[in-house]
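Asks: Sharing a structure with you now.
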Amino acid sequence: MPAANKRDYYEVLGVARTASNEELKQAFRKLAMKFHPDRNKEADAAERFKEVGEAYEILSDAQKRAKYDQFGMGADFGPSKGFDGFDFGGFGDIFDAFFGGRQRRRGPTRGGDLRAVLELEFEDAIFGTEREVRVSRLEHCSVCGGSGAEPGTDPTLCPQCEGSGEVRRAQRSVFGQFVNVSVCDRCEGEGEVITNPCRNCGGVGREQRNRRLKVKIPAGVDNSSHMRLSGEGDAGLLGGPAGNLYVELRVKPHGAFVREGDDLILDLPVNFPQASLGTVLEVPTIDGDVTVIDVPAGTQHGAAFRVRRAGVPHLRGKGRGDMVVNISLHVPRKLTDEQRELLLQLADSLGDPTDDLGADSFFSRIKGAFTAS
């Protein structure tokens, strides 16, 4: 039923928007019994039963109910339990929660996902590399091949369910007698039991193994990037697919470069004469080469020079980021007597830089700032 044509879920169940979980459950019990097609032969009974089940599925889940209260029918509730696909010869999943019914037999199960951490050098993350990652995972037993039975033997028919994988139990309730069909707990729904378990895996069908897997790291990955290796997780059960291996990358810091996105930042120290008079400097790049920076006379501390396409290769797409060279004025911590004398002469000849502001004006501004605060 299109969302635009659906009735309000609270209206469907006949409850207030402030209804408690117990009130929702009681309303669902009543309506589910009323409209279940096994009991109600009216033409719209099946549709009304689906509507009631869908309403209860959403409102009985705290997160889905909160989304519905905020966004209404336009909310994304994730995968449904499947009321549109009910087999009315039996009872649906949510109906079974109250009245008993059929449970599904165990089928192929996907293997679990695994996670690993791989530490990279700064340059390896930028230019790409191939590394090995160690992982301990569940693989199909090397002796029985995953069957769980000792080689040369076969599983036998389950004596409890006689191969059906299900057991039936009569159950009485306030609504009458129902037959509860559940998965056989002896064979777990398989219909067969292993009488001679594999000596290697004990009948489980899987064993733990340590592996070294090669991982190709693309150029441009960053710290905390993740890579997915499909099918490299735990082996599945009963023919199910293997899980995935997720590798988290951790990049070591560099001694000189700092990364900002796809740009590389480099602080370049220069002394006062170089910044004052101007100079030409050779600057290292992450590639191992050098580039030339023309520092003009009068360059101030913090001035930045951009070297195009000398940064990090773009992870998705062509090209590279830039290298940004920040000028850092270097002040010596120790001076010789000769250097000190020369600097004193220079300072005397340059004068006090605050004189350009006017002494009275400069100090009055400071005084005004403190007064205002």
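The values are calculated or read from the model by the stated rules, or taken from the named source; none is laboratory data. Since we're looking at a predicted model, the values are computed, not measured. Backbone-built Cβ (ideal geometry, glycine too); neighbour counts: all protein chains shown. To get the accessible areas, we keep the full protein, side chains included, count just its heavy atoms, and leave off ligands, DNA and RNA. Shrake-Rupley method; radii C 1.70, N 1.55, O 1.52, S 1.80 Å.
Asks: Any idea of ASP154's accessible area? Nearest 10 Å², probe 1.4 Å.
Replies: Probe radius 1.4 Å; accessible area of ASP154 about 120 Å².
Asks: So, one more: Would you mind checking which residues have amide H under 5 Å from GLY205's amide H? H placed 1.01 Å from N; only 5 or more apart, or other chain.
Replies: GLY148
Asks: Next up: What lysines sit close enough to LYS214 to cross-link, taking a C-alpha to C-alpha distance under 28 Å and skipping anything fewer than 8 places away on the same chain?
Replies: Partners found: LYS252, LYS318.
Asks: A further question follows. How many nm is it between the label spots at GLN70 and LEU342, if each spot is 7 Å from the Cα in line with the beta carbon?
Replies: Rounded to a tenth, the inter-label distance reads 6.8 nm.
Asks: Leaving out same-chain residues fewer than 8 places away, which lysines sit with a Cα under 26 Å from that of LYS50?
Replies: Cross-link targets: LYS6, LYS25, LYS30, LYS34, LYS41, LYS64, LYS67, LYS81.
Asks: I would also like to ask the following. Between region 119-163 and region 213-253, what's the alpha-carbon centroid distance in Å?
Replies: Between the Cα centre of region 119-163 and that of region 213-253, the gap is 15 Å.
Asks: Can you pull the Kirkwood radius for region 254-336, inverse mean 1/r over Cα pairs, to one decimal in Å?
Replies: It works out to 13.7 Å.
Asks: For region 311-323, take each phi angle, set θ = phi - 60°, evaluate the Karplus expression 6.51 cos²θ - 1.76 cosθ + 1.60, and give the result in whole Hz per residue in order, putting x for glycine and proline.
Replies: x, 8, x, 5, 5, 10, x, 8, x, 9, x, 10, 9
Asks: Would you mind counting up the charge near PRO159? Only other residues with Cβ under 11 Å from its Cβ, with Lys and Arg at +1 and Asp and Glu at -1.
Replies: On the way: positive: ARG186; negative: GLU162, GLU192.
Result for the local shell: -1.
Asks: Here's a follow-up. How large is log10 of I(q)/I(0) for region 194-263 at q = 0.14, 0.15, 0.18 Å⁻¹ when the intensity is taken from the Debye formula with one equal scatterer per alpha-carbon?
Replies: -0.65, -0.70, -0.85
Asks: Could you order ILE126, ILE265 so the one with the most accessible surface comes first? Probe is 1.4 Å.
Replies: Accessible-area ranking of ILE126, ILE265, largest first: ILE265, ILE126.
Asks: Evaluate the distance, in nm, between pseudo-label points positioned 7 Å from the Cα of LEU315 and of SER60 along their respective Cα→Cβ axes.
Replies: So the label points at LEU315 and SER60 sit 4.2 nm apart.
Asks: Hey, got a sec? Which trypsin sites (Lys or Arg not before Pro) in region 149-241 land in a DSSP loop and have at most 12 other Cβ atoms within 10 Å?
Replies: Working: sites: ARG168, ARG169, ARG172, ARG186, ARG199, ARG206, ARG209, ARG211, ARG212, LYS214, LYS216, ARG228; in loops: ARG186, ARG199.
Those that pass, being in a loop and sparsely packed, are ARG199.
Asks: Dimensions of region 129-241 along principal axes (Cα, Å, largest first)?
Replies: 67, 44, 15
Asks: Considering amide H positions built from the backbone, and no H for Pro or chain starts, which residues 5 or more places from ASN180, or on another chain, come under 5 Å of its amide H?
Replies: ARG169, ALA170, GLN171
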